[in-house]
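Here's the structure, in structure tokens; my notes come after.
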Amino acid sequence: MTAKKALITGVTGQDGAYLSKLLVDKGYEVHGLLRRSASADVIDARLKWLGIANKVIYHDGNLVDLSCLIRIVEDVAPDEVYNLAAQSFVKSSWQQPLLTGSVTGLGAANVLEAVRIARPQARFYQASSSEMYGLIQEPIQSETTPFYPRSPYAVAKLYAHWMTVNYRESFGLHASSGILFNHESPLRGIEFVTRKITDGVARIKLGLQKNIMLGNLDAKRDWGHAKDYVQAMWLMLQQERPDDYVVATGRTTSVRTFCELAFAHVGLTAEDHISVDPRFMRPAEVDVLHGNSEKAQKALGWSPETSLEQLVAEMVEADLVRLKRHEHL
């Protein structure tokens, strides 16, 4: 029996690495789109952390280049395409709104178009975001909650989301979107607040620094583990009919509480080591996100397996290990 083939954009990111591991373990032939950059020497660090860097077949390409996407889709002939690539750091999207729109928004349309032209029978997954809800219109957000994006990143993600719906309805593609709420892991980028916290806690515990500078401590998010959420991505593409699903834990927690959990894990008190810096405040804040994943639980049989406390502990421990080994991620 021939192995299924999957093509993943954003394969070197947090979600791309965990999804690659999941698919490799399921016997897939995994192909990844690789964007060449100045960090080429460490670009596969997350895949190496999971022990699968040599089990992914890489293809040079970029979401803004439709011609290369068509060529890669033709060459790979994937059964499943997961579009996880984006300019995904919300704060940077205000400084780079056009780049964010080109990569995060139009880039998704390019992947959809490549699939439509070169491999219309493939099943397509779009990584949508809870940031699309922005200034929340309902206290708990589901698939029917109106969107109100509050950053260039969220606006770009909303364009990509509706293009996925449009290609599904216009061309009959098996195209699904996962509206994923915040999901973290030891593989999260250091620029994200959760990893900034756990890395900082580890440094403070080891005597390498004294404080962490943060922005809005009262912002609340629905945090889950990335390895749980990629399972939901895969399940979406195993369904007979494509659809859109919220993926969330249903528990919302403040940045302040996340800090308290992280510091408590190493026997320290958060308030002794945290300072607020206005530079880290967003121009337009998303105060709270709280997801309702009932549809995914019923239709996909999915549910989160990792608690917030387990997630925080895993992240802090991983950062302690990396710092002791002088490793970077």
Considering only residues of the stretch 1-56 that are in a strand (DSSP E or B) and over 21 Å from Ser185 (Cα atoms), which is modelled with the lowest pLDDT?
-> Leu34
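Per-residue answers, yes or no, for (1) surrounded by 19 or more Cβ atoms within 10 Å (Cβ to Cβ); (2) at positive phi; (3) in the same structural domain as Arg195 (by TED's automatic domain parsing):
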site	(1), (2), (3)
Thr12	yes, no, no
Gly16	yes, no, no
Ser20	yes, no, no
Gly27	no, yes, no
Leu47	yes, no, no
Val56	yes, no, no
Cys68	no, no, no
Val73	yes, no, no
Of all residues in the stretch 293-319, count the ones that are part of a loop (DSSP other than H, G, I, E, B) and in contact with a strand residue (DSSP E or B) (Cβ under 6 Å, 6 or more places away or on another chain).
-> 3
So the helices (runs of 4 or more DSSP H) completely within the stretch 83-148 holding 2 or more residues that are modelled with pLDDT of 95 or more and under 20 Å from the mean Cα position of the chain (by Cα) are 107-118
Tell me, please, whether a residue that is closer than 23 Å to His174 by Cα, of a type in the set (S, T, N, Q) and without any contact (Cβ under 8 Å) to a residue 12 or more places away in the chain can be found in the stretch 1-16.
-> yes
Collect the residues in the stretch 180-218 that are surrounded by fewer than 19 Cβ atoms within 10 Å (Cβ to Cβ) and within 23 Å of Ser93 (Cβ to Cβ), keeping them in residue-number order.
-> Gly189, Ile190, Glu191, Phe192, Lys196, Met213, Gly215, Asn216, Leu217, Asp218
Would you tally the residues in the stretch 219-258 being buried (at least 18 other Cβ atoms within 10 Å of the Cβ), part of a strand (DSSP E or B) and out of contact with any Pro (no Cβ under 6 Å at 6 or more places or on another chain)?
-> 8
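The values are calculated or read from the model by the stated rules, or taken from the named source; none is laboratory data. If you're wondering where the values come from, they're calculated on a predicted model, not measured in any experiment. Here Cβ is always computed from backbone atoms with ideal geometry, including for glycine, and neighbour counts include all displayed protein chains.
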